[in-house]
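Asker: This is the structure I have questions about; it appears just below.
The values are calculated or read from the model by the stated rules, or taken from the named source; none is laboratory data. It should be emphasised that the depicted structure is a prediction, and the values quoted were computed from it without experimental measurement. Quick reminder, even Gly has a Cβ in these numbers, built from the backbone with ideal geometry, and neighbours come from all protein chains shown. These area figures cover heavy atoms from the full protein model, side chains too; ligands, DNA and RNA do not enter into them. Shrake-Rupley method; radii C 1.70, N 1.55, O 1.52, S 1.80 Å.
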Amino acid sequence: MTGRGMTALVYTGPKTLVLRQEPVPAPGPDVLVRVAHVGICGSDMHAWAGHDARRPAPLILGHEVAGTIAAGAEAGRRVTVNPLVGCGVCPACRAGRANLCAKRQILSMPPRPGGFAEYLTIPAANLVTLPDSVPTAVASLAEPLACGWHGIALAARVLGPIGTGSRCLVQGGGAIGLGAALVLRSLGVKDLWLAEPLAARRAVVAGEGIAVFDPVAEPGPDGVDLVIDGVGIPATRKAASAAVRPGGAIVHIGLGGGADGYDIRRITLQEIAVLGSYTYTPADFRATAAAMFDGRLGPLTWPEIRPLSQGVEAFDAIAAGQSAAPKIILEP
Ligand SMILES: [Zn+2]
Ligand SMILES: [Zn+2]
């Protein structure tokens, strides 16, 4: 395969993607994976808009990948991919927190081309084997779901176990927010609300049996133990600092932008913990995959699947706010 061409969706400049032939990457010490499904993330949209200096054009974006090992002794093994590669030797990596490694690499950021292509390479340690029962389209959700899983794990360090008696608010009905809500439900949380302004997305969230409301029109719950902010804009931060109970926690995952919004006086006087949460640890990624595989997070059929050849249209639809699905997954 190496030396031959593959079809890839290449980001060539702001708001420009080109479907073209690229060389199949040489695996070197890594594993060559044939991409079956790859999700479009908010961070891909951010890079596509030309707002991410860490992702300069030309570049293959995409880091939410599942597929099949394409070469070597393990060829044919179906896998989902942890796209975050730590150095393995620094204090953060040795503490199990590769997401904080100063030398971490991530698929879709140089020097690692991403998954909007037929093939990619990744270290063997970043692969999680799929059971036969789990389709690759579902398995490609491991990455965004692991972001919520990790945020909830961080909150549990402050709040203690999160479960049946917990009151939780999730902001944002994209894959991270909906995924976090599904993780909370799997932990037994019954008092659970999700805030989402887009009506079409509220319908998808409601279809998963999660109580959902429009934060523009309704105040939503107050006195909650935990807020998961899957959006990360001034309006969600303002709402989060009002909704959380004294001694509660806010987990900030979304990278929507801006810096203001938090009521720092209330956060101080009420001893509210604000926790930044970035991606996931290797252990959290594997734990998320295990929860997906045994059905704890539900059937996970809410993404919309499109061929890679319609990737340009998919990016345009998401940018225009015309996508109801919490996630669009491309199929090379
Ligand atoms: Zn992502
Ligand atoms: Zn490291």
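Asker: Give, as residue ranges, the strands (runs of 3 or more DSSP E) completely inside the range 64-147 that count at least 3 residues that are under 21 Å from residue 174 (Cα atoms).
Answerer: Working: elements: 64-69, 78-81, 119-122, 127-129.
Correct list: 64-69.
Asker: Quick test of your reading of the structure: residue 93 fulfils all but one of (1) under 14 Å from residue 143 (Cβ atoms); (2) within 10 Å of ligand 2 (Cβ to nearest atom). Name the failing condition by number.
Answerer: Unmet condition: (1).
Asker: Further, regarding this structure: I need a count of the residues in the range 134-149 that are away from ligand 1 (no atom under 13 Å from the Cβ) and hydroxyl-bearing (Ser, Thr, Tyr).
Answerer: 1
Asker: While we're on this one: Residues that are surrounded by 21 or more Cβ atoms within 10 Å (Cβ to Cβ): list the strands (runs of 3 or more DSSP E) wholly contained in the range 1-48 that include at least 3 such residues. Spell out the reasoning first.
Answerer: On the way: elements: 5-13, 16-23, 31-39.
Correct list: 5-13, 31-39.
Asker: Sticking with this structure for a sec: Give all pairs with beta carbons closer than 6 Å in which a residue from the range 178-195 that is modelled with pLDDT of 95 or more and surrounded by fewer than 23 Cβ atoms within 10 Å (Cβ to Cβ) meets a residue that is outside any helix (DSSP H, G or I) and of a type in the set (D, E, K, R); count only pairs at least 6 apart in sequence or on separate chains.
Answerer: 186/296; 191/167
Asker: Here's a follow-up. Are there any pairs with C-beta distances below 9 angstrom linking a residue in the range 146-174 that is among the hydroxyl-bearing types (Ser, Thr, Tyr) to a residue that is assigned to a helix (DSSP H, G or I) and crowded, with 20+ Cβ neighbours inside 10 Å, with the two at least 6 apart or on different chains, and if so which?
Answerer: Within 9 Å, the pairs are 166/184.
Asker: Do we have any residue at all in the range 194-215 that's in contact with a Leu (Cβ under 6 Å, 6 or more places away or on another chain) and not aliphatic (A, V, I, L, M)? Outline the logic, then answer.
Answerer: So the first thing to find is which residues in the range 194-215 are in contact with a Leu (Cβ under 6 Å, 6 or more places away or on another chain), and the list is 205, 210, 212.
Then keep just the ones that are not aliphatic (A, V, I, L, M); that gives none.
No, the range 194-215 contains no residue that is in contact with a Leu (Cβ under 6 Å, 6 or more places away or on another chain) and not aliphatic (A, V, I, L, M).
Asker: May I pose another question? Would you be able to tell me the number of residues in the range 182-214 that are of a type outside the set (Asp, Glu) and assigned to a strand (DSSP E or B)? Let's see the steps before the verdict.
Answerer: Of the residues in the range 182-214, the ones of a type outside the set (Asp, Glu) are 182-190, 192-195, 197-207, 209-213.
Add one more test, that the residue is assigned to a strand (DSSP E or B), and what stays is 192-195, 211-213.
So the answer is 7.
Asker: Among the residues of the range 79-96, write down those that are touching a residue at least 12 places away in the same chain (Cβ under 8 Å), surrounded by 14 or more Cβ atoms within 10 Å (Cβ to Cβ), within 19 Å of residue 287 (Cβ to Cβ) and more than 16 Å from ligand 1 (Cβ to nearest atom).
Answerer: Passing the criteria: 79, 86.
Asker: Condition (residue is farther than 30 Å from residue 93 by Cα and surrounded by fewer than 17 Cβ atoms within 10 Å (Cβ to Cβ)) applied to the range 270-292: is it met by at least one residue? Show your work before the answer.
Answerer: Within the range 270-292, the first condition is being farther than 30 Å from residue 93 by Cα, and the residues that meet it are 270-271.
Subsequent filtering for residues that are surrounded by fewer than 17 Cβ atoms within 10 Å (Cβ to Cβ) retains 270-271.
The answer is yes; a qualifying residue exists.
Asker: If you don't mind, there's one more thing I want to ask. Please verify whether the range 168-175 includes one or more residues that are open to solvent by 40 Å² or more (accessible area, probe 1.4 Å) and more than 16 Å from ligand 1 (Cβ to nearest atom). Explain how you work it out, then say what you get.
Answerer: Start the filter on the range 168-175 by keeping residues that are open to solvent by 40 Å² or more (accessible area, probe 1.4 Å), which leaves none.
Within the range 168-175, not a single residue is open to solvent by 40 Å² or more (accessible area, probe 1.4 Å) and more than 16 Å from ligand 1 (Cβ to nearest atom).
Asker: Pick from 232, 257: which is assigned to a loop (DSSP other than H, G, I, E, B), in the same structural domain as residue 153 (by TED's automatic domain parsing) and either open to solvent by 10 Å² or more (accessible area, probe 1.4 Å) or among the acidic types (Asp, Glu) (or both)? Spell out the reasoning first.
Answerer: Values: 232 fails: either open to solvent by 10 Å² or more (accessible area, probe 1.4 Å) or among the acidic types (Asp, Glu) (or both).
The match here is 257.
Asker: In the list 111, 131, which residue meets the criterion of being open to solvent by 10 Å² or more (accessible area, probe 1.4 Å), more than 15 Å from residue 77 (Cβ to Cβ) and more than 15 Å from ligand 1 (Cβ to nearest atom)?
Answerer: Working: 131 fails: more than 15 Å from residue 77 (Cβ to Cβ).
Unique residue meeting the criteria: 111.
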